[in-house]
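Written below as structure tokens is the structure these notes are about.
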Amino acid sequence: MTTPLTPEAIAQNPDGVTETITFACGERITFRLLRPEDAELLGRYFLRLSEETRRRFGPHPFTMEQAQKLCAEINYYDTLRLIAVTEKGGQPQVIAYFILQLGIKEAEKKRYQAHGMVLDECKDCTFAPSVADAYQNRGLGSTLMPKILDLARRFGFQRMVLMGGTQATNYRAIHFYEKFGFRKVGDFLTKGGVNNHDMILAL
């Protein structure tokens with residue numbers, strides 16, 4: 001049986017959810033929560049991402065300043081930020097970054113209400129992923145996604161929604177989400193006029 005989790009447990013022992021994974025070609029990856037001292041590490045990850053990857057990601061900017069802000073404002077009672085770290089040339093390097101929000105923001109509630117669905121901040125959580133360009137299409141997301149879903153279930157969440165939806169033209173991402181059971185519930189236009197799909201997963 002899966003051990004339940006609470007924000008209090010995470011705050012007391014952030015390393016309790018750390019996992020070491022052997023990835024393709026024997027590469028070892030540490031999957032863990034973001035730490036206050038990770039600002040430069042996360043910032044370098046943000047700056048290395050291609051313009052295409054940046055364009056597909058909506059929750060926040062990919063800048064060194066944003067990385068510093070995120071690491072200075074870590075709050076395990078609201079949001080879990082997870083990173084996958086490997087060694088490159090003897091130095092740690094972030095190769096994936098995920099947001100697991102423990103609940104639902106008002107903007108998501110309003111959009112889903114327009115689709116005829118009522119979200120519950122106690123039962124529903126929100127998710128946003130990003131993967132380094134060099135690791136896209138190599139199975140890293142598929143390796144880590146079950147671990148994120150398990151975390152959400154351990155917190156007692158029953159459904160997961162995509163933070164800000166996913167762009168309707170991002171076919172690769174849509175296929176990835178559908179593979180894990182997400183389903184489209186409606187469309188909406190961003191402020192920039194981009195058509196996005198809202199997608200939800202029953203956990």
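Within the stretch 107-145, the set of residues being in a helix (DSSP H, G or I), open to solvent by 30 Å² or more (accessible area, probe 1.4 Å), of a type outside the set (Val, Ile, Thr) and within 18 Å of Glu27 (Cβ to Cβ) comprises Asp133, Ala134, Ser142.
Annotation: Thr79 fulfils all but one of (1) under 22 Å from Lys147 (Cβ atoms); (2) free of Cβ contacts under 8 Å to residues at least 12 places away in the same chain; the unmet one is (2).
In summary, Arg44 fulfils each of the numbered conditions (1) within 23 Å of Ala134 (Cβ to Cβ); (2) loosely packed, with under 15 Cβ neighbours inside 10 Å with the single exception of condition (2).
For the stretch 86-100, a residue qualifies if it is in contact with a Leu (Cβ under 8 Å, 6 or more places away or on another chain) and not small (Gly, Ala, Ser), and the qualifying residues are Pro92, Gln93, Val94, Ile95, Tyr97, Phe98, Ile99, Leu100. Of all residues in the stretch 1-30, those that are acidic (Asp, Glu) have Cβ atoms under 9 Å from Cβ atoms of residues that are open to solvent by 40 Å² or more (accessible area, probe 1.4 Å), 6 or more apart or on another chain, in Glu8/Tyr77; Glu19/Thr30; Glu19/Lys147; Glu27/Glu87.
Could you list, in sequence order, the residues of the stretch 16-40 that are open to solvent by less than 90 Å² (accessible area, probe 1.4 Å) and under 15 Å from Ile74 (Cα atoms)? Explain how you work it out, then say what you get.
Of the residues in the stretch 16-40, the ones open to solvent by less than 90 Å² (accessible area, probe 1.4 Å) are 16-21, 23-24, 26-27, 29-36, 38-39.
Result: Arg32, Leu33, Leu34, Arg35, Pro36, Asp38, Ala39.
Within the stretch 58-72, identify whether any single residue is more than 19 Å from Ile10 (Cβ to Cβ), touching a residue at least 60 places away in the same chain (Cβ under 8 Å) and in contact with a strand residue (DSSP E or B) (Cβ under 6 Å, 6 or more places away or on another chain), and answer yes or no. Within the stretch 58-72, one or more residues are more than 19 Å from Ile10 (Cβ to Cβ), touching a residue at least 60 places away in the same chain (Cβ under 8 Å) and in contact with a strand residue (DSSP E or B) (Cβ under 6 Å, 6 or more places away or on another chain). Filtering the stretch 165-183 to residues that are out of contact with any Phe, Trp or Tyr (no Cβ under 9 Å at 6 or more places or on another chain), crowded, with 17+ Cβ neighbours inside 10 Å and either of a type outside the set (S, T, N, Q) or on the phi > 0 side of the Ramachandran plot (or both) leaves Ala173, Tyr177. Note on the stretch 90-106: residues that are modelled with pLDDT of 95 or more and open to solvent by 10 Å² or more (accessible area, probe 1.4 Å) total 5.
Number of residues in the stretch 50-88 that are small (Gly, Ala, Ser) and open to solvent by less than 20 Å² (accessible area, probe 1.4 Å) equals 2.
Here is a yes/no grid of residues against (1) under 16 Å from the mean Cα position of the chain (by Cα); (2) over 20 Å from Tyr45 (Cα atoms); (3) basic (Lys, Arg):
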| site | (1), (2), (3) |
| --- | --- |
| Ala132 | yes, no, no |
| Gly139 | yes, no, no |
| Ser142 | yes, no, no |
| Phe157 | yes, yes, no |
| Tyr177 | yes, yes, no |
| Leu189 | no, yes, no |
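For the stretch 153-195, the tally of residues that are in a helix (DSSP H, G or I) and either in contact with a helix residue (DSSP H, G or I) (Cβ under 7 Å, 6 or more places away or on another chain) or closer than 17 Å to Pro59 by Cβ (or both) stands at 3.
Of all the listed residues (Arg138, Arg154), the sole one being over 21 Å from Thr53 (Cα atoms) and among the basic types (Lys, Arg) is Arg154.
The values are calculated or read from the model by the stated rules, or taken from the named source; none is laboratory data. These figures come from a predicted structure and were not determined experimentally. So basically every Cβ, Gly included, is an ideal-geometry build from the backbone, and we count neighbours across all protein chains shown. Ligands, DNA and RNA are stripped out before the accessible areas are found, and what is left, the full protein with its side chains, is counted by its heavy atoms. Shrake-Rupley method; radii C 1.70, N 1.55, O 1.52, S 1.80 Å.
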